[in-house]
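The values are calculated or read from the model by the stated rules, or taken from the named source; none is laboratory data. Worth saying up front: this structure is predicted, and the values here are computed from it rather than measured. Please note: Cβ atoms are built from the backbone with ideal geometry, for glycine as well, and neighbour counts cover all protein chains shown. Remember, those area values only see protein heavy atoms, side chains included, never the ligands or the DNA or RNA. Shrake-Rupley method; radii C 1.70, N 1.55, O 1.52, S 1.80 Å.
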Amino acid sequence: MNEASGQPSPERIMQITTGNWAQSILATSAIHSLFNHLEAGADTPEQVAKAAELSQRGTQALLDGLVGLGLVETRGGRYHNTPEAAAFLVEGKPGYLGGFAKVIFADMPIRADLPQVARTGVPVTPERADLPENPFWEQLVPAIAPLSVPSALAAAQRLGLAEAGPISILDVGGGSGIYSSVWLGMNPQARSTQLDWANVNRIAHRLVAEHGVADRFHTVDGDFHTTDFGTDLYDVAVYSHIAHQESPADNRAVFAKFRQALKPGGTLVVNDFVVEDDRSGPPFPLIFHTTMLLQTTQGSTWTRSDYHAWLSAAGFTDIQFHPTPSPATIVLAR
């Protein structure tokens, strides 16, 4: 809305329409480590161009774009990362999301399939999120790991995991092993088991070892739809960013297996992009729904009432929803 005239403004529509410009600027800057060079002290276009081995013309265009996106700021004609960019776009920092930006940039062509997939409801891409043997897992799994760190920390704080002593953890579909890395790092007496596809578990072993907790991390290779979780074995279980790619029937079935695998009084932590029951928000989970349309056969972004119904049917009686410092919601079920 134009405040001066009281008339609608096209500004937001223009920002959305050119969203691929913003994404390409961010990903290209991450590919060429511009944020790292700025962090290291290069603060003029000439210095950044030399450090990144880019043309000065190209560097100036990227810096202008980053300033326009609010990720870089100028002070006295010199360029600096904003606090947001310094926290999340400097490679090597725990919250680094530049890898995720690169993966999304590489996946941009599949967005052209959206009109067809919206009509048919059937994915076109062979690189589906619900299939194990796809080469994109090698890039995607490490890239999305930082997205779960805020949820892992939030859940740990609410459950008091750092002081919980010798607990056993089950992480189903654990991907990079980020929950194990965070929680085992907080609690030196805890042990963790991750169930995932063999090719993903190989990645997890490498990444968990980098955090120095591999001696207490175990994996089971398998498909969680068919693999038994055991009975009364675990104090805490995790199901993070998996429910959105599954059907309602599959989520009901896996929650029942979790209930059986947990010890009496144990807690299931579900982390996902949860939408309100009237599907009015939050914005990111609503937008993410199209990704599930493009990359899964039955996935969606599910509502609070969906999760509550599935967990209740599995025998959980204490079900709580908590926000996190990310677009995701954690659900604690006992």
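Taking segment 74-87, which residues are surrounded by fewer than 19 Cβ atoms within 10 Å (Cβ to Cβ) and in a helix (DSSP H, G or I)? Within segment 74-87, P83, E84, A86, A87 qualify. Name the single residue that is farthest from S151 (Cα to Cα) among those in segment 263-290 being in contact (Cβ under 8 Å) with a residue 24 or more places away in the chain, among the β-branched types (V, I, T) and not in a strand (DSSP E or B). Selected residue: T290. When F258 is tested against (1) closer than 25 Å to S180 by Cα; (2) open to solvent by 50 Å² or more (accessible area, probe 1.4 Å), just one condition goes unmet, and that condition is (2).
Selection of segment 307-325 for residues being crowded, with 18+ Cβ neighbours inside 10 Å and touching a strand residue (DSSP E or B) at 6+ places or on another chain (Cβ under 9 Å) yields Y307, L311, A314, F316, I319. Consider segment 1-46 and keep the residues that are touching a strand residue (DSSP E or B) at 6+ places or on another chain (Cβ under 9 Å) and part of a helix (DSSP H, G or I). The one that is farthest from Y79 (Cα to Cα) is S29. Taken over segment 291-306, residues that are surrounded by fewer than 16 Cβ atoms within 10 Å (Cβ to Cβ), of a type in the set (S, T, Y) and not in a loop (DSSP other than H, G, I, E, B) amount to 1.
Does segment 237-247 contain at least one residue that is over 16 Å from V270 (Cα atoms), surrounded by 15 or more Cβ atoms within 10 Å (Cβ to Cβ) and in contact with a helix residue (DSSP H, G or I) (Cβ under 9 Å, 6 or more places away or on another chain)? Checking segment 237-247: not a single residue is over 16 Å from V270 (Cα atoms), surrounded by 15 or more Cβ atoms within 10 Å (Cβ to Cβ) and in contact with a helix residue (DSSP H, G or I) (Cβ under 9 Å, 6 or more places away or on another chain). Looking across segment 222-236 at every residue that is of a type in the set (D, E, K, R) and under 25 Å from the mean Cα position of the chain (by Cα), the one that is modelled with the highest pLDDT is identified as D235.
Checking each residue in segment 198-224 for being assigned to a loop (DSSP other than H, G, I, E, B) and surrounded by fewer than 19 Cβ atoms within 10 Å (Cβ to Cβ) picks out H211, G212, G222, D223.
One line per residue, one yes/no per condition, for (1) closer than 20 Å to S176 by Cα; (2) hydrophobic (A, V, I, L, M, F, W, C):
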site: V238; (1), (2): yes, yes
site: D250; (1), (2): no, no
site: P264; (1), (2): no, no
site: T297; (1), (2): no, no
site: T301; (1), (2): no, no
site: S312; (1), (2): no, no
site: I319; (1), (2): no, yes
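Within segment 5-24, is there a residue that is in contact (Cβ under 8 Å) with a residue 24 or more places away in the chain, touching a helix residue (DSSP H, G or I) at 6+ places or on another chain (Cβ under 7 Å), over 30 Å from G299 (Cβ atoms) and surrounded by 11 or more Cβ atoms within 10 Å (Cβ to Cβ)? No, every residue in segment 5-24 fails to be in contact (Cβ under 8 Å) with a residue 24 or more places away in the chain, touching a helix residue (DSSP H, G or I) at 6+ places or on another chain (Cβ under 7 Å), over 30 Å from G299 (Cβ atoms) and surrounded by 11 or more Cβ atoms within 10 Å (Cβ to Cβ). Pairs are defined by a Cβ separation below 7 Å, a sequence spacing of at least 6 or placement on different chains, a first member in segment 35-51 that is on the phi < 0 side of the Ramachandran plot and among the small types (G, A, S), and a second member that is open to solvent by 30 Å² or more (accessible area, probe 1.4 Å) and at pLDDT 95 or above; the pairs so defined are A42/A51; A49/S55; A49/Q56; A51/H37. I'd like to know if segment 93-112 contains one or more residues that are closer than 15 Å to L34 by Cα and among the β-branched types (V, I, T). No, because not a single residue in segment 93-112 is closer than 15 Å to L34 by Cα and among the β-branched types (V, I, T).
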